[in-house]
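First up is the structure itself, then whatever we jot down about it.
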Amino acid sequence: MSVRPEQAAPSAGACPHYPFPDQPGIDLAPRYADLFAAEPLVPVQLPGGRQALLVTRYADVKTVLADPRFSREAWRNGTLFARESTALALATSDAPTHTRRRRAVQPWFTHRSAERARPRVAAIARRLLDDITATESTVDLIAAFTTPLPYQVICELLGIPAGDLDRLLPWVTVMMSAGRFPADEVTAAHQAMHEYFFDQLAARERAMEAGVAGDDLLTALLTAPEETRLSTQEIAVFGFGLLMAGGETTASHLAMCVLQLLRRPDLADSLRRDPAAIAPFVEEMLRWVWFAGTGGQPHVAVAEVELSGTIIGAGQVVVPLTDAANRDPEVFADSGELQPGRTPNPHLGLGHGRHMCLGAAHARVELQEGVAAILPHLDRMELAVQESQLDWRTQMFMRGLWTLPVRWRGTAASS
């Protein structure tokens, strides 16, 4: 579409507040899904009163995520959720800061390193499920499987004790709030997490002085060449940022995969017969699930940019909605339908461009191995409650379930 000079960004004078009220379930409320399908740019008012445009089209979202004319650092009004900007070493920075930080840690998050980790990920998944199958009582798969799997992998990478997760995970939950927890609890969780990781770094410095340095990521960052070394503050922030982002996103997505397989035994049977179909299924779930409770990170245009034939002026705030982009019918046929074998599948579920998820390759391995490990057990599992009774996350950065209670088929409901 050609751009006319008078075609300025839509006015947000009488626009709704965003994030929109959440609802239980894997999908958005139909009125919001319909709105995103109808409008490429949706005027809204963000927390704090700032006006913005939600960007819903695939091509436009890719532009916002990749074009340097959109800045994340220029957004000074805080995040749309409880995490502080200082807790997001990569997500809220632009080049050259973002480039320097990402380059320092990228070697640990290559496709090759993820594939090397695959046997270990599979072993952890099998061990967790062995513990589950040893009991006949009702089990919460989120607490017993989908959460500990990615978090134990991350703990090993960072070199922190998995036994500390009992202390760390409650802080993570509060830090991922989007209105669910009061500000003082959020501040206390941030402070506790900072102190924990600074203590971890101090312990590594003592070990290095004693000549017994470890081989974990935090130690590697502390011992990097001086010209590329991150500051102690940056390393600590990166450490708990990875813990939060990598653990929570993968745990929630894996739970959604398991729920979908419980809903559709035919699909589970199909994947058991053809394990090669697990990877496309995971990719389709990354596309199909409405995942972000707050949309994306706000960006500020630092120069004029055209989106869907509209001029976005310098200073305009936009929020790219990757979930909406993943339902763009111009890119995905039958975009509202789950198609487990969809190919090609150029979804934006793991981001795009310079802000592509750092741990994307590792997340894929964890999701694939988690699904592969649980498939042999699903023909004997069923939800322990009616699906209408499932406890869905609301007012959180990520949508999903708080719990996923299951029991073995034939077990009494009261077990």
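The values are calculated or read from the model by the stated rules, or taken from the named source; none is laboratory data. As the structure is a prediction and not an experimental result, all values here were calculated from the model. Note that we place each Cβ from the backbone using ideal geometry, even for glycine, and neighbour counts take in every protein chain shown. We work out accessible area using only protein heavy atoms, side chains counted, and drop any ligands, DNA or RNA first. Shrake-Rupley method; radii C 1.70, N 1.55, O 1.52, S 1.80 Å.
Largest first, what is the accessible-area ranking of PHE240, PHE181 with a 1.4 Å probe?
The ordering from most to least exposed comes out as PHE181, PHE240.
Explain nothing, just the number: dipole magnitude of the range 245-305 about its Cα centre with +1 on each Lys and Arg Cβ and -1 on each Asp and Glu Cβ, in debye rounded to the nearest 20.
220
Taking the Cα-to-Cβ direction at ALA66 and at HIS111 and moving 7 Å from each Cα, how far apart do the two end points lie in nm?
Each label point is offset 7 Å from its Cα along the Cβ direction, giving 1.7 nm.
Once amide H atoms are placed 1.01 Å from N in the peptide plane, what residues at a sequence separation of 5 or more from LEU307, or on another chain, have their amide H within under 5 Å of its amide H?
The answer is ILE312.
Using packing as a proxy for protection, rank 29-38, 192-201 so that the peptide with the highest average count of other Cβ atoms within 10 Å comes first.
192-201, 29-38
Write down the accessible area per residue of the range 297-414 in Å², having rolled a 1.4 Å probe over the full set of protein chains.
Result: 39 Å² of accessible area for each residue.
With a 1.4 Å probe and every protein chain kept in, tell me what percent of the accessible surface of the chain is carbon plus sulfur.
53
How much accessible area does VAL212 have with a 1.4 Å probe, in Å² rounded to the nearest 10?
100
Once you list every other residue whose beta carbon is under 13 Å from the beta carbon of PRO150, what net charge do they have if Lys and Arg are +1 and Asp and Glu are -1?
Here the count lands on -2.
Suppose R0 equals 60 Å. What FRET efficiency, 1/(1 + (r/R0)^6) with r the Cβ-Cβ distance, do GLU330 and GLN386 give to the nearest 0.05?
0.95
Once amide H atoms are built 1.01 Å from N in the peptide plane, which residues 5 or more positions from SER71, or in another chain, come under 5 Å H to H?
VAL300, ALA301, VAL302
Report the charge-dipole magnitude of the chain in Debye, nearest 20, computed about the Cα centre from +1 at each Lys and Arg Cβ and -1 at each Asp and Glu Cβ.
420
So for the chain, averaging the separation of alpha carbon pairs under 8 Å that are six or more residues apart and normalising by length, what relative contact order in percent results?
Once normalised by length, the contact order is 29 percent.
Can you tell me how much longer the chain between ASP131 and ALA279 gets when fully stretched, taken as 0.36 nm per residue apart minus their C-alpha distance, in nm with one decimal?
Computed gain between ASP131 and ALA279 is 50.7 nm.
Diagonalise the Cα gyration tensor of the range 287-346 and give the resulting equivalent ellipsoid semi-axes, square root of 5 times each eigenvalue, largest first, whole Å.
With the √(5λ) rule applied to the range 287-346, the semi-axes are 28, 14, 8 Å.
How much of the pair distance distribution for the range 195-331 lies past 27 Å, counting alpha-carbon pairs only, in percent?
Percentage above 27 Å: 53.
For MET398, which sequence-distant residues (separation of 5 or more, or a different chain) have an amide H within less than 5 Å of its own amide H, given hydrogens modelled in the peptide plane?
GLY293
Defining a contact as two alpha carbons under 8 Å apart and six or more residues distant in sequence, what relative contact order in percent does the range 248-322 show?
With pairs under 8 Å counted, the relative contact order is 22 percent.
What order do you get for 224-236, 364-376 when each peptide is scored by the mean count of other beta carbon atoms within 10 Å, highest first?
Listed from highest to lowest mean packing, they are 364-376, 224-236.
Starting at the first residue of the range 49-60, write each ³J(HN,Hα) from the Karplus equation 6.51 cos²θ - 1.76 cosθ + 1.60 with θ = phi - 60°, in whole Hz, x for Gly and Pro.
Running phi through 6.51 cos²θ - 1.76 cosθ + 1.60 with θ = phi - 60° gives x, 5, 8, 8, 10, 7, 9, 10, 8, 3, 4, 5 Hz.
With a 1.4 Å probe and all protein chains kept in place, how much accessible area does THR110 have, in Å² rounded to the nearest 10?
Roll a 1.4 Å probe over it and THR110 shows about 50 Å².
Going toward the positive end of the dipole of the chain, with +1 on Lys and Arg Cβ and -1 on Asp and Glu Cβ, which of LEU218, TYR32, TYR151 do you reach last?
Ranked along the dipole, the leading option is LEU218.
Say R0 is 35 Å: what FRET efficiency, to the nearest 0.05, do GLU304 and TRP402 get from their beta-carbon distance?
Computed FRET efficiency for GLU304 and TRP402: 0.20.
Assuming a ≥ b ≥ c are the square roots of the Cα gyration tensor eigenvalues, decide whether the range 123-166 counts as rounded (a/c under 1.5), prolate (otherwise, with a/b larger than b/c) or oblate.
Here the range 123-166 falls in the prolate category.
For the range 123-172, with only Lys/Arg (+1) and Asp/Glu (-1) charged at the beta-carbon, what is the dipole magnitude about the Cα centre, in debye rounded to 20?
The dipole magnitude comes to about 140 debye.
I need the calculated FRET efficiency for the pair GLU337 and GLN395, taking r as the beta carbon distance and R₀ as 35 Å, to the nearest 0.05.
After rounding to 0.05, the efficiency reads 0.75.
Placing +1 on the Cβ of each Lys and Arg and -1 on the Cβ of each Asp and Glu in the chain, which of GLY296, ILE374, ALA361 has its Cα farthest towards the positive end of the resulting dipole?
Among GLY296, ILE374, ALA361, the one farthest towards the positive end of the dipole of the chain is ALA361.
Let me check I've understood the local charge: for GLN200, count other residues with C-beta under 12 angstrom from its C-beta, Lys and Arg +1, Asp and Glu -1. What total comes out?
Summing Lys/Arg as +1 and Asp/Glu as -1 gives -3.
For the residue pair ALA224 and GLU185, what label-to-label distance in nm results when each label sits 7 Å from Cα along the Cα-to-beta-carbon direction?
Output for this residue pair reads 3.5 nm.
Local charge sum around ASP216 (other residues, Cβ-Cβ under 12 Å, Lys/Arg +1, Asp/Glu -1)?
Here the count lands on -1.
Applying the Karplus parametrisation 6.51 cos²θ - 1.76 cosθ + 1.60 with θ = phi - 60° to the phi angles of the range 135-152, what ³J(HN,Hα) value in whole Hz is obtained for each residue in order, glycine and proline being reported as x?
Going residue by residue, I get 10, 9, 8, 4, 10, 8, 5, 5, 6, 9, 9, 5, 7, x, 4, x, 5, 5 Hz, with x marking Gly and Pro.
Do any chymotrypsin sites (Phe, Trp or Tyr not before Pro) in the range 308-409 lie in a loop, going by DSSP, with at most 15 other beta-carbon atoms within 10 Å of their beta carbon, and if so which?
When the chymotrypsin sites (Phe, Trp or Tyr not before Pro) of the range 308-409 are filtered for loop state and at most 15 Cβ neighbours within 10 Å, TRP402 remain.
Quick one: 3J(HN,Hα) in Hz for the range 172-177, Karplus 6.51/-1.76/1.60 with θ = phi - 60°, rounded, Gly and Pro as x.
Here the 3J(HN,Hα) series is 4, 4, 5, 5, 9, 5 Hz.
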